[in-house]
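First up is the structure itself, then whatever we jot down about it.
Bear in mind these aren't lab numbers, they're just calculated from the coordinates by the rules spelled out. Predicted, not measured: the structure shown is a model, and the values here were computed from it. Glycine also receives a Cβ, built like all others from the backbone with ideal geometry; neighbour counts cover every protein chain displayed.
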Amino acid sequence: MTFDTEFLEVSDAGEGVTEVRLVRGSKRNALNAQAVEELVEVFSRLPRIGARAAVLTAEGDHFCAGLDLVEHHAEERSAADFMHLCLRWHEAFNKMEYGGVPVIAALQGAVVGGGLELASAAHIRVADRTTYFALPEGQRGLFTGGGATIRVADLVGKGRMIDMMLTGRVYKGEEAMAVGLCQYLVEDSRAKAFDLARAAAQNPPLSNFAICSAISHMQNMSALDAAYAEAVVAGIVNTQPASRDRLKAFADKSGPRIRPD
């Protein structure tokens, strides 16, 4: 597994899990144009190299502070230039959301602006007690360009997202989890994310592919089309060879049972 990247480190964490690590800690892992291109490359290739789950981590005290505003200011981009940059952000995050490999984000510190857009493209978000979420675009004279109007609004609702952008409201802790910004709130987000990734990696890859791509596609369809697509996907996934032994174990009660903790 070789990636020619400067701002991402990609490593095999074992048990089918790949770690993708943001390594711009001195910039609070802000995303410059090259980092976005590296995200496109890495998440395009993960399904093809057999990754069964991925954990997205970040060096330093902060997950991601969003768009590299220093670079953006220095570049003096035209409207067309920035539009094309945004389209590359969309490409990167679509590769994450629709690629079919479970992506678990281990969050800490700032998950702000484009950093929240990045986190929202992961399938599971694990926060620790230092994590805080914000969309400060309004105060900076900006507007989201990396999919927040799609993914963040889907997580928290249109009203909450507008409030975050207009007022700079910050969510953290139990409140952040309650509104849907993260699914887990723990002391060690990295350790928990790897636990979840290892569990997901034990599922049949075709099942994970359907869960981590088909659901998002179906949300983009009419109810009638989504019902048809769901039936087709279920027909393929629920008759796969990899499921037969698991179904047999369920039927003869030799397999694991679902019980509350």
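Observations on the structure shown:
- Extension gain for Glu71 to Leu224 (0.36 nm times residue separation, less C-alpha to C-alpha distance): 50.6 nm.
- Extreme residue, positive dipole direction of the chain, given options Leu31, Ala134, Pro204 (C-beta unit charges): Pro204
- GNM top mover of Ala33, Ala197, Ala227 - the chain, alpha-carbon springs below 10 Å: Ala227
- Full-extension gain in nm, Ser78 to Arg257, via 0.36 nm per residue minus C-alpha separation: 58.7 nm
- Protection proxy ranking of 88-98, 51-61 - average other beta-carbon atoms within 10 Å, highest first: 51-61, 88-98
- Fraction of beta bridges assigned by DSSP in the range 65-197 that are antiparallel (%, nearest 5): 20
- Entry note, the chain: the mean residue ellipticity at 222 nm calculated from DSSP H runs of n ≥ 4, each adding -39500 (n - 2.57), is -13000 deg cm²/dmol after division by the residues and rounding to the nearest 500.
- Theoretical FRET efficiency, 1/(1+(r/R0)^6), r = Cβ-Cβ of Phe3 and Asp188, R0 35 Å, to 0.05: 0.85
- Cross-link pairs exceeding 27 Å between alpha carbons, from the set Lys192/Lys253; Lys95/Lys192; Lys95/Lys158; Lys192/Lys248; Lys158/Lys192: Lys192/Lys253; Lys192/Lys248; Lys158/Lys192.
- Rounded to the nearest 10 degrees, the inclination of helix 158-167 to the longest alpha-carbon principal axis of the chain is 30 degrees.
- For the listed peptides 174-183, 141-150, 122-131, a ranking on the average number of other beta carbons within 10 Å per residue, highest first, reads 122-131, 141-150, 174-183.
- Cut-off under 5 Å, modelled amide H: who pairs with Ala58 long-range: Leu22
- Antiparallel DSSP beta bridges within the chain, as percent of all bridges there, nearest 5: 30
- Taken about its Cα centre, the chain carries a charge dipole of about 860 debye when Lys and Arg each add +1 at the Cβ and Asp and Glu each add -1 at the Cβ.
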